[in-house]
Every structure is written in C-alpha cells, then in structure tokens.
Amino acid sequence: MSLATPTATWFNDDHRLYAHSVSRFFADHLVPNIERWNEEEMVERNFWHQAGEAGILGATIPQTHGGAGGSIAFDAITAYEQARCGDNGWGFGIQSIVIGYVQAYATEEQKTRWLPQLASGEMVAALAMTEPGTGSDLQAVTTSAIKDGNHYRINGSKTFITNGQSADLICLVAKTDKEQGARGVSLIMVETDGLEGFRRGRNLKKIGLKSQDTSELFFDNVKVPQTHLLGTEEGQGFYQLMKQLPWERLYIGITALGSMDCALEETTRYVQERKAFGQRVMDFQNTRFKLAEIKTKIEVTRSFINDSITRLEAGTLDAATASMAKWWGSQVQCEVIDECLQLHGGYGYMMEYPIARLYTDARVQKIYGGTNEIMKELIARSMDI
Ligand SMILES: Cc1cc2nc3c(=O)[nH]c(=O)nc-3n(C[C@H](O)[C@H](O)[C@H](O)COP(=O)(O)OP(=O)(O)OC[C@H]3O[C@@H](n4cnc5c(N)ncnc54)[C@H](O)[C@@H]3O)c2cc1C
C-alpha cells in the first residue's frame with residue numbers, strides 16, 4: 001500500500017523513491033525494536049541519529065542548513081510509512097512540526113543554530129503547549145516568560161509533552177504579557193542542556209503509545225536569552241500556532257491512514273490462517289463484508305488525505321479542512337481497528353498480537369492535536385451557520 005492514490009498529482013518519482021527508502025529504513029531499524037521500546041517506554045536515542053543520517057529528519061530542511069531541501073510532502077510520506085509499519089511511538093511528528101515552526105518564523109541566526117542539529121538528530125524537539133490547568137483553551141496558558149535584562153525568566157509547568165524526556169529543544173508556549181489573552185502569547189525556544197531551574201517530571205504511564213516519552217515539564221525561574229524568542233516580535237505565538245496547526249492536524253490524519261493499512265493487512269493475514277467451524281474465518285460472509293467495509297472506509301479516507309496533501313503543498317490547506325482530516329481520520333481509524341480486533345477474536349486482546357497495540361495506540365488520536373470536539377467547532381465556524 002502507498003500513501004498516494006493512483007491519481008495523486010502531488011506524488012512523483014522522487015516521492016516514490018523516498019517512500020521506498022523510508023519504508024526499508026523502518027523495516028531494518030524500527031520494526032525489530034518496536035516491542036522492546038514499548039517495554040522500555042522510550043525510543044533509543046541512537047535511532048534518532050540513524051534517522052538523521054538516513055536523511056529522514058531533515059527531509060524538508062534546506063541543504064544550506066543540513067537537510068535535503070524537499071517539501072513537506074516528504075514528511076507526509078515518513079508519517080505514513082511509520083504508521084504503516086506498525087509503529088506510532090517514535091516522536092517524529094513533533095520533530096517535523098517544530099522544524100516547520102523554525103523554518104517559518106526563525107531569524108537566519110536562529111535557523112543556523114537549530115536546523116542542522118534537528119536534521120542530524122543531535123537535537124530532539126518538543127512542542128510544549130498543554131498545561132495541567134489548560135489544554136483545549138490555549139489562550140489560558142499561565143506559563144510566563146518575563147523580560148529580565150537580556151533574558152526571559154520562565155515560570156510554570158507543562159504536561160503531556162511528547163518527547164518530553166528526551167527533548168533538547170523545546171518550543172515553549174508562554175505568556176510574555178500576562179494581561180493579554182492570545183496577543184500575550186509568544187513562542188520561546190528553550191535549549192535544555194544544563195539549564196538551571198528546568199526539570200523533567202514523570203514519563204507518564206499511558207494506555208498506548210508506550211514507546212513515546214510523554215512528560216511533565218517544570219520551569220522554575222529558568223533563564224533563557226531573549227534571542228531565543230521565535231522570530232523577532234513578542235505576542236505572535238498564537239498567530240504562529242494557528243498558522244502551523246493545519247500540518248499537525250493533517251499529520252494525524254495521515255498516521256491514521258497508515259495505521260489502518262497496517263491493521264487491515266494484519267487482519268487479512270490472520271483470518272486466512274484462523275479456522276472456526278471447519279473453515280477459514282476469512283470464508284464467513286460476515287468477515288468478507290467487514291473487510292469490504294473497512295477497505296472502503298480506508299480508500300475514502302485516502303482520497304481526502306491526498307486532496308489535503310495537494311492543498312498543503314499548494315499552501316491552500318485551510319484550518320477547517322485540516323480539522324476534517326484529523327477528526328475523520330482518527331474517528332475512522334478507531335472504528336476500523338476495533339473491527340479488525342474483533343475479527344481476531346480473543347487473540348486480538350493479547351498484546352503479543354500487533355492489532356492489540358494498534359488498538360491502544362489509536363485512541364489518543366481523537367484527543368491530541370486538538371480534540372475532535374474542537375475540530376468540529378472549527379469546521380462549524382467555517383460553515384457560516
Ligand atoms: C499522548 C499525548 C501526547 C500529547 N502530546 C502533546 C504535546 O506534545 N504537546 C502539547 O502541548 N500537548 C500534548 N498533548 C495534550 C493534548 O493536546 C491535550 O490533551 C488536548 O489538547 C486536550 O486538552 P485537555 O487534555 O486539557 O482536555 P480539556 O481541554 O480539558 O477537554 C476535556 C473535554 O472537554 C472537551 N472540550 C473542551 N473545550 C470544548 C469546547 N469548546 N467545546 C466542546 N468540547 C470541549 C474536550 O473535547 C474534551 O472532551 C498530548 C496528549 C496526550 C494524551
């Protein structure tokens with residue numbers, strides 16, 4: 001299976017070659033480790049370096065800054081191939097998103113400082129928006145970054161932060177003006193190495209995405225140079241986030257598609273081998289109908305995702321369409337994987353079968369990146385109703 005539909009105009013020979021090489025890379029370096037990293041609740045650091053060397057992390061970064069100079073479609077392919085091979089834990093999505101922020105808003109000096117290290121895997125990135133007291137309502141963040149000489153003094157805490165245990169560079173959402181709502185929000189790039197007053201909390205216990213380190217982060221009077229404000233102007237953070245969130249949302253839709261392709265392949269294999277009442281489970285009409293329904297749902301999703309990628313490449317992917325890709329993709333993913341698990345019978349409930357991990361990994365897709373309720377709000381607002 002491929003991310004692209006046969007008629008996708010955005011997909012050319014370079015993309016085909018890239019998809020092939022990424023899929024080989026995951027087969028060699030990720031798939032053999034999925035179970036172990038899920039048990040260890042962390043992806044080995046060396047894997048980030050390997051992905052950097054393979055040109056995966058820097059696919060969209062210009063060659064002048066240590067990357068391959070491709071468009072965002074290359075990250076879309078990586079997202080799909082990772083999910084397609086059965087892994088949802090490695091935090092590449094956040095790396096891609098933060099790279100997007102740096103490319104879109106950073107000064108030349110900032111790009112030179114961070115992009116080469118993000119491309120090589122020397123720096124793992126995190127995006128810290130959510131706080132214990134606020135998630136969906138981003139304007140209500142209370143983490144503050146107050147000017148103090150040439151520095152900001154940062155105070156506050158974040159939670160549920162992907163790559164939180166491993167991050168070397170945190171794109172932090174903070175208030176530079178506490179009196180203001182959205183207009184008081186800025187993005188500050190925090191380098192964690194040896195940073196006084198910065199503390200990582202627990203690697204949180206989750207029902208799925210076990211190999212992904214998801215953490216609390218604490219900032220106690222942390223001093224960060226003012227030159228680490230992303231861009232040149234305070235108060236732009238909310239606007240910067242809103243402009244970039246469509247990629248994060250489409251990203252989730254793409255991984256939903258990859259996971260569904262993986263689940264269908266696993267299930268088709270299983271029902272061909274498993275016997276009940278003297279015949280293959282595959283040969284019950286119910287099974288064939290279920291697989292036909294699943295296949296149809298997947299292909300409808302693939303078409304919409306491809307249309308969204310075409311728009312993304314053209315710079316015309318709007319917030320409402322990206323929200324549709326996110327809620328639809330994640331909703332269908334949960335339905336499809338639930339059906340696939342059902343076709344496995346009791347074995348589907350056992351963690352030694354990949355479908356069980358796909359099932360527990362899927363649930364969060366309806367929650368992070370903006371909950372599906374928030375997605376529907378955004379879609380409804382665009383409908384002029
Ligand atoms: C595994 C995982 C990884 C994550 N990674 C990151 C990360 O890297 N960085 C980061 O910043 N955050 C991350 N998050 C946080 C995630 O984005 C938030 O959990 C999510 O945005 C929801 O916020 P909340 O948990 O505070 O829920 P709340 O905002 O408290 O929502 C609770 C419920 O109320 C509903 N609700 C809220 N507002 C409305 C409304 N206006 N209309 C209708 N319903 C509403 C929600 O849909 C939800 O059902 C992660 C979360 C998880 C679980």
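Results, tabulated for the structure shown:
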| item | result |
| --- | --- |
| Candidate set: the stretch 61-75, residues that are out of contact with any helix residue (DSSP H, G or I) (no Cβ under 7 Å at 6 or more places or on another chain) and over 16 Å from Glu108 (Cβ atoms); chosen: the one surrounded by the fewest Cβ atoms within 10 Å (Cβ to Cβ) | Ala68 |
| Any chance Gln240 is at pLDDT 95 or above and more than 30 Å from Ala27 (Cα to Cα) | yes |
| Subset of the stretch 8-53 [in contact (Cβ under 8 Å) with a residue 60 or more places away in the chain and not in a helix (DSSP H, G or I)] | Ala8, Thr9, Trp10, Phe11, Leu30, Glu41, Met42, Val43 |
| Selection from the stretch 161-183 of residues that are within 14 Å of the ligand (Cβ to nearest atom) and of a type outside the set (A, V, I, L, M) | Thr162, Asn163, Gly164, Gln165, Ser166, Cys171 |
| 1 or more residues away from the ligand (no atom under 16 Å from the Cβ): qualifying helices (runs of 4 or more DSSP H) within the stretch 319-385 | 319-343, 354-362 |
| Residue match in the stretch 120-142 (condition: closer than 28 Å to Gly69 by Cβ and part of a helix (DSSP H, G or I)) | yes |
| Residue match in the stretch 184-196 (condition: acidic (Asp, Glu), surrounded by fewer than 24 Cβ atoms within 10 Å (Cβ to Cβ), within 10 Å of the ligand (Cβ to nearest atom) and in a loop (DSSP other than H, G, I, E, B)) | no |
| Single residue of Ser308, Ser303 found to be closer than 29 Å to Gly70 by Cβ, in the same structural domain as Val336 (by TED's automatic domain parsing) and without any contact (Cβ under 8 Å) to a residue 60 or more places away in the chain | Ser308 |
| Selected residue (criterion: farthest from Lys158 (Cα to Cα)) from residues of the stretch 201-215 that are outside any loop (DSSP other than H, G, I, E, B) and within 11 Å of the ligand (Cβ to nearest atom) | Thr214 |
| Count - residues of the stretch 116-165 that are without any contact (Cβ under 8 Å) to a residue 12 or more places away in the chain and under 20 Å from Lys223 (Cβ atoms) | 1 |
| Ser144 vs. criteria surrounded by fewer than 23 Cβ atoms within 10 Å (Cβ to Cβ), among the hydroxyl-bearing types (Ser, Thr, Tyr) and within 13 Å of the ligand (Cβ to nearest atom) | no |
| Flag if Ala79 is within 16 Å of the ligand (Cβ to nearest atom) and assigned to a strand (DSSP E or B) | no |
| Test for Glu179: is it among the acidic types (Asp, Glu), over 21 Å from Gly55 (Cβ atoms) and crowded, with 18+ Cβ neighbours inside 10 Å | no |
| Complete set of residues in the stretch 343-352 that are of a type outside the set (A, V, I, L, M, F, W, C) and in contact (Cβ under 8 Å) with a residue 24 or more places away in the chain | His344, Gly345, Tyr347 |
| Among (1) under 30 Å from His49 (Cβ atoms); (2) within 12 Å of the ligand (Cβ to nearest atom); (3) of a type outside the set (Gly, Ala, Ser) - the single one Trp114 does not satisfy | (2) |
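So that you can scan it fast, the table gives a plain yes or no per residue for (1) farther than 26 Å from Glu39 by Cβ; (2) at pLDDT 95 or above; (3) in contact with a Gly (Cβ under 9 Å, 6 or more places away or on another chain):
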| position | (1), (2), (3) |
| --- | --- |
| Gly133 | yes, yes, no |
| Ser157 | yes, yes, yes |
| Asp168 | no, yes, no |
| Asp193 | yes, yes, no |
| Ser211 | no, yes, yes |
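One line per residue, one yes/no per condition, for (1) in contact (Cβ under 8 Å) with a residue 60 or more places away in the chain; (2) touching a Ser or Thr at 6+ places or on another chain (Cβ under 7 Å):
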position	(1), (2)
Gly197	no, no
Lys223	yes, no
Gln240	yes, no
Pro246	yes, no
Ala263	yes, no
Val271	yes, yes
Asp283	no, no
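The values are calculated or read from the model by the stated rules, or taken from the named source; none is laboratory data. Here the structure is a predicted model, which means the values were calculated and not measured. Virtual Cβ from ideal backbone geometry, glycine too; neighbours counted across all protein chains shown.
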